[in-house]
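A.B. asks: Have a look at this one.
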Amino acid sequence: MAKYVDDYLTIALPKGKLFSLSANLFERVGVTAEHLSEKSRKLIISNDECKVRFIITKTSDVPTYVEYGAADIGVIGKDVLVESGQDVYELLDLGFGKCRLMMAVPREERRSRLLDYAHTRVATKYPHIAEQFFAQQGMQMEYIKLNGSIELGPLVGLSESIVDIVETGTTLVENDLEEIAHIMDVSARLIVNRVSFKLKFDRIYRIVNDLKQVLEGGEVR
Ligand code: PRP
């Protein structure tokens with residue numbers, strides 16, 4: 001396989017909900033590549049004329065590619081970024097992918113105070129963020145890491161509560177769960193590798209400025 005050439009800018013895009021919004025946003029500032037599609041089985045899609053290379057990765061892996069410099073920049077939800085603890089620069093709030101990270105419990109068995117859940121089990125995809133939140137409340141908890149369908153946890157007796165993303169609230173309602181604590185607001189962020197930011201400063205700075213202008217012009221859809 002050809003060795004990467006340094007004058008390419010490599011951009012990591014996450015599969016899933018943020019993919020098309022991210023790809024469209026980059027396209028609006030002239031940073032794009034032919035056949036850039038989430039469904040592509042080709043994982044590196046290059047535009048040799050513009051010296052841009054997109055890599056399409058699993059959402060939770062974007063901060064890893066960027067921290068290690070395998071990608072210069074990337075798009076990722078604030079939730080995944082904070083949970084990863086990865087050492088990257090966060091340059092821009094892209095304003096889409098808005099949701100919130102909440103603690104939720106079964107409506108029927110709701111306890112009166114947050115502290116009443118101390119020492120119980122919480123199911124979550126975000127054990128680090130959850131632990132930080134509960135520590136701030138002076139609460140010790142037992143964390144059960146799940147990778148999806150988190151709302152199922154309390155319904156089948158796996159946990160007393162969940163810490164998860166809420167977007168429209170439909171999943172909570174459908175499963176008789178209720179939000180009891182707000183942990184953080186989430187949206188998509190542009191992240192940059194620390195070394196790339198120095199070595200490719202002019203190029204990255206120009207893209208960030210162009211993106212800012214598009215974002216100031218209205219919400220990205
Ligand atoms: C996310 C999240 C909730 C749901 C919230 O799950 O984990 O389950 O979306 O959205 P809502 O408030 O609009 O109902 P996702 O669809 O990413 O799938 P997952 O459960 O497999 O993680």
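The values are calculated or read from the model by the stated rules, or taken from the named source; none is laboratory data. This structure is a prediction, so every number in the text was calculated from the model and none was measured. No Cβ is skipped: glycine too gets one built from the backbone with ideal geometry, and neighbour counts run over all protein chains shown. These accessible areas exclude ligands, DNA and RNA; they are computed on the full protein's heavy atoms, side chains included. Shrake-Rupley method; radii C 1.70, N 1.55, O 1.52, S 1.80 Å.
A.B. asks: Please turn the phi angles of region 205-214 into ³J(HN,Hα) values with the Karplus equation 6.51 cos²θ - 1.76 cosθ + 1.60 (θ = phi - 60°), one per residue in order, whole Hz, x for glycine and proline.
C.D. replies: Residue by residue, region 205-214 yields 4, 5, 5, 4, 5, 4, 4, 4, 5, 4 Hz.
A.B. asks: Pick from Glu160, Glu178, Glu109 the residue whose mean-square fluctuation is largest in a GNM of the chain, springs joining Cα atoms under 10 Å.
C.D. replies: With Cα springs under 10 Å in the chain, the top fluctuation among Glu160, Glu178, Glu109 is at Glu109.
A.B. asks: Expressed as a rounded percentage, what relative contact order does region 111-221 have, with Cα pairs under 8 Å and six or more residues apart?
C.D. replies: Computed value for region 111-221: 22 percent relative contact order.
A.B. asks: Calculate the spin-label point distance for Ser37 paired with Leu158, positioning each point 7 Å from the Cα along the beta-carbon direction, and give it in nanometres.
C.D. replies: Result: 3.4 nm between the two label points.
A.B. asks: Could you check how many percent of all C-alpha pairs in the chain are farther apart than 27 Å?
C.D. replies: Above the 27 Å cut-off, the chain has 39 percent of its Cα pairs.
A.B. asks: What is the antiparallel percent of DSSP beta bridges lying wholly in region 1-94, to the nearest 5?
C.D. replies: So the antiparallel bridges amount to about 35 percent of the total.
A.B. asks: Evaluate the distance, in nm, between pseudo-label points positioned 7 Å from the Cα of Lys145 and of Val195 along their respective Cα→Cβ axes.
C.D. replies: Once both label points are built, they end up 2.7 nm from each other.
A.B. asks: Moving on. Ignoring ligands, DNA and RNA, how do Asp164, Asp176 rank by accessible area with a 1.4 Å probe, largest first? Mind dumping the intermediate values first?
C.D. replies: Working: Asp164 15, Asp176 95 Å².
Order by accessible area, largest first: Asp176, Asp164.
A.B. asks: I'd like the antiparallel share, as a percent to the nearest 5, of DSSP beta bridges with both residues in the chain. Provide the component values of the computation, followed by the final result.
C.D. replies: Details: 26 of 41 bridges.
Beta bridges within the chain, antiparallel portion: roughly 65 percent.
A.B. asks: Also, quick follow-up: Just to confirm my numbers, what's the Cα centroid distance between region 9-78 and region 151-176 in Å?
C.D. replies: 31
A.B. asks: Turning to a different aspect of this structure: Calculate, axis by axis, the spread of Cα positions in region 145-187 along the three principal axes, and write the results as whole Å, longest axis first.
C.D. replies: Rounded to whole Å, the extents work out to 30, 22, 18 Å.
A.B. asks: Pairs of alpha-carbon atoms within less than 8 angstrom and 6+ residues apart define the contacts here; what relative contact order does the chain have, in percent?
C.D. replies: 27
A.B. asks: So, one more: Report the charge-dipole magnitude of the chain in Debye, nearest 20, computed about the Cα centre from +1 at each Lys and Arg Cβ and -1 at each Asp and Glu Cβ.
C.D. replies: The calculation lands at about 560 debye.
A.B. asks: As a check on your grasp of the helix formula, calculate [θ] at 222 nm for the chain: sum -39500 (n - 2.57) over DSSP H runs of n ≥ 4, divide by the residue count, round to the nearest 500.
C.D. replies: Per the formula, -8000 deg cm²/dmol.
A.B. asks: Amide H neighbours of Thr57 under 5 Å, at least 5 residues apart or on other chains, H built in the peptide plane: list them.
C.D. replies: Long-range HN contacts for Thr57: Leu13, Lys15.
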